[in-house]
Every structure is written in structure tokens, then in C-alpha cells.
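Worksheet for the structure shown next.
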Amino acid sequence: MNMMKRSHFLLNTLNCIARTAYVEGAPITEEAVYNLSELIRCALAEKDQIQTIRGELAAVRNYLKLQKIRLKDHFDFQIVVPDSAEDCRIPNMTLLPIVESVVMQGLTNDRKCLCILICAKEMGKNLEIFIEDNVSYSKENQGYGEDDRYIIDKKLKLYFGNEYGVRTERKELGKGSITVVSVPWRDQDG
């Protein structure tokens, strides 16, 4: 209960800062603080909580918007997920650590512009979520973020079964990668 009060206080304080930025005519700062507030709200949720793809993508979108504010023209992202997929379920904080490791890796290489595309499609009884990047992976940095992916893979297998999980497909060396997250397809009634 004490933790809830402190997190509520923190989020309210961030919202006050955002409103101050609005009043002062600083829309970029206002947006950044609101995105951070929503990101913290998601991070404070139970790690083992199951949520909708819609909710998970909201956290990812807030994180990517913060990076766009920071990196400006050196960063671009697109999220293309059909409405029918947004009610599928996924454990909290599944996609965000993967996306964050792509951004961190992208910041360490010489790309002029880091680009991330997140899309999803129904594949039989699965929903496949694709996180594609243009990071110049080299032989030295190919393992970056692998610990996160391994943990998330194990978590998805534990929740949904061994046919679900995470796999990463490297494109030609130096051309980026595609990480695929597989979860059960469930419609609104499922």
C-alpha cells in the first residue's frame, strides 16, 4: 500500500510538471513528461500481469516517442498492428525490453537514422509480432539484448506453452534484424 501511495505521488507530480510545461508553452517538454508518466505507470504494473497487446503497445509507443523527442531526425518508428490483434493477450513488459535493447544497440553504431518497424499478423493459431530494425550488428555486438530475449522467451513458454516464444532472425551482417514474438491468437471472445 505504501508503494502505491508513493507511485501515485510520483505520477501526480509528473502530471503537474507536464501541466506547467503546457502553461509555459513548452509542448515538447509536456509531451515528454506525459510519455514518461505513462511509461512509469506500465513499469509499476505487476511484471507477471497479463494484458492486451493494445496496452503493451501503448507502453512501447510512449517509450519510442520519448526516443523520437531525444533523437529527432536520427530516429523513426512505425507501429502497424491490426485492430483485430489488439485484444490478444501478452505478459506485461514483453515487447518493451526487446525494443529498448534495439534502441540502445542502435545508439552505439554509425547509422544516420535508426528505424524500427513493429507489425503483427495472424499466423494460424498464433499472433506473430515482428520487431524489425536497421541496426548494424557486427560479429562483436550480435549478442546484445540476448539475455532479455532469453528471459522473455522462457516467460512466454511458461505462460502459453513451448510453441510460443521469441526468435531473432539476423538479416545479412550489418543490415539489421527481425525479432519475432509469438503468442496465442485470441479473438475478443477468446
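Using the basic label-point model (7 angstrom from Cα toward the beta carbon), what is the Tyr22 to Ile178 distance in nanometres?
4.1
Give me the extension gain from Met104 to Leu158: residue separation times 0.36 nm, minus the current Cα-Cα distance, reported in nm with one decimal.
Full-extension gain reported as 16.7 nm.
Obtain the nm distance between the two label points defined at Cys115 and Ile40 by a simple spin-label model: each point lies 7 Å from its Cα along the Cα-to-C-beta direction.
According to this spin-label approximation, the distance is 3.5 nm.
Using just the alpha carbons, could you tell me how many Å³ per residue the convex hull of the stretch 29-117 encloses?
90
Expected output is a single nm value to one decimal: the length gained when fully extending between Ile69 and Arg186, i.e. 0.36 nm times separation in residues minus the C-alpha distance. What is it? Present the calculation step by step, with values, prior to reporting the outcome.
Details: separation 117, 0.36 × 117 = 42.12 nm, distance 3.45 nm.
Separation in residues times 0.36 nm, less the Cα-Cα distance, equals 38.7 nm.
Using only Cα positions of the stretch 45-184, each an equal point scatterer, no hydration layer, compute I(q)/I(0) via Debye at q = 0.10, 0.11 Å⁻¹ and quote the log10 values to two decimals.
Treating every Cα as an identical point scatterer, log10 I(q)/I(0) equals -0.31, -0.38.
Read-outs throughout are calculated quantities, based only on the coordinates presented, and are distinct from any laboratory measurement. Given the structure is predicted, the values throughout are model-derived calculations rather than measurements. Every residue, glycine among them, receives a Cβ derived from its backbone with ideal geometry; neighbour counts consider all protein chains shown.
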